[in-house]
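Since every read-out is calculated from the coordinates, none of them should be taken as a lab result. All of these numbers come straight from a predicted model, not from anything done at the bench. All Cβ positions, glycine included, derive from the backbone under ideal geometry; neighbour counts span all protein chains shown.
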Amino acid sequence: MNRFLHFIVVAGGSGKRMQSSIPKQYILLGGTPLIAITINRLFSVFPDANCTVVIAEKDLNLWRMAADHIVARKSINIAFGGPERFHSVKSALVFVGENEIVAIHDAVRPLVSNEVLQDGFRVASNSGTAIPVVELNESLREIDGALSKFVDRSRFRLCQTPQFFKSEILIDAYRQSYKQSFTDDAAVVESSGNVIRLIEGNCENIKITTQSDLIFAESLIKTIQ
């Protein structure tokens, strides 16, 4: 059965850590709003994909200005975010149809590679889920009050986005009530009884939250494929 791809781009953050007067997803990077760079990156690999963007309702004018920089063959759906990421993604699911692979992506991750996008779609089409992860390259210690202990970092991975799911799996998972443990979409889907398949992410695919992250992204943005 052939599947169609549907991107959900989550863009409801306030960007307090960026210390910016506007949310970080609308900050200009080389003259283009960050959210537009991210969406153009996604469409460069899957130009015919459906796309839904989740924004804060108060940022509607910022979104409209950013949308002028987006190259897309079709219109983009707009959903309004809720108090937590869980509620924001749930609001976007009204636009998701049957027989789709849904790829949920952070608006402030413009450096995702072609390989991650292609592998995620392929693995999720076959297995139902696909989550990009990368190895840790620094040591870990587990805190226990005033004490701490060594943790074997080889047993852990950092999760990235996009996170890919068959639409029927995702929609069913989001019928649950919200829990604080739902820090990403994989946690929601796993909580509903599904197995999470991992794929290799790309280390450049950082979530831009600080000024130094912006400098890093600007230096690499033209090299990511």
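For the range 102-156, which GluC sites (Glu not before Pro) pass both filters: DSSP loop (anything but H, G, I, E, B) and at most 16 other C-beta atoms within 10 Å? Sites meeting the loop and neighbour criteria: Glu138. Note on the range 4-220: with charges restricted to the Cβ of Lys and Arg (+1) and Asp and Glu (-1), its dipole about the Cα centre is near 320 debye. From helices alone, the chain scores -8500 deg cm²/dmol at 222 nm; the rule is -39500 (n - 2.57) for each run of n ≥ 4 DSSP H residues, then divide by the residue total.
The modelled label-to-label distance for the pair Ile224/Asn40, using points 7 Å beyond Cα in the direction of Cβ, is 1.3 nm. As a proxy for reagent exposure, Lys24, Lys74 were ordered by neighbouring Cβ count within 10 angstrom, fewest first; the result is Lys74, Lys24. With the convex hull drawn around the C-alpha atoms of the range 123-178, the volume per residue stands at 126 Å³. Placing pseudo-labels 7 Å out from each Cα toward the beta carbon at Gln118 and Cys203 gives an inter-label distance of 2.2 nm. Ordered by the number of other Cβ atoms lying within 10 Å of each residue's own Cβ, fewest first, Thr161, Thr52 fall into the sequence Thr52, Thr161. Of Leu111, Leu136, Leu62, the residue with the greatest mean-square motion in the GNM of the chain, using alpha carbon springs below 10 Å, is Leu136. Among Arg141, Arg109, Arg122, the ranking by other beta carbons within 10 Å of each residue's beta carbon, starting with the fewest, stands as Arg141, Arg122, Arg109. Within the range 60-112, the GluC sites (Glu not before Pro) that combine a DSSP coil assignment with at most 11 other C-beta atoms in a 10 angstrom radius are Glu98.
Hey, what D do you get for the chain in µm²/s if you plug the Kirkwood alpha-carbon radius into Stokes-Einstein at 4 °C and 1.567 mPa s?
72
Would you kindly calculate the translational diffusion coefficient of the range 178-225, applying Stokes-Einstein with the Kirkwood radius from alpha carbon pairs, for 37 °C and a viscosity of 0.692 mPa s, and quote it in µm² s⁻¹ without decimals? Estimated diffusion coefficient is 243 µm²/s. Put simply, the amide H of Cys51, placed in the peptide plane, has neighbours under 5 Å in Phe7, Asn77, leaving out anything fewer than 5 places away on its chain.
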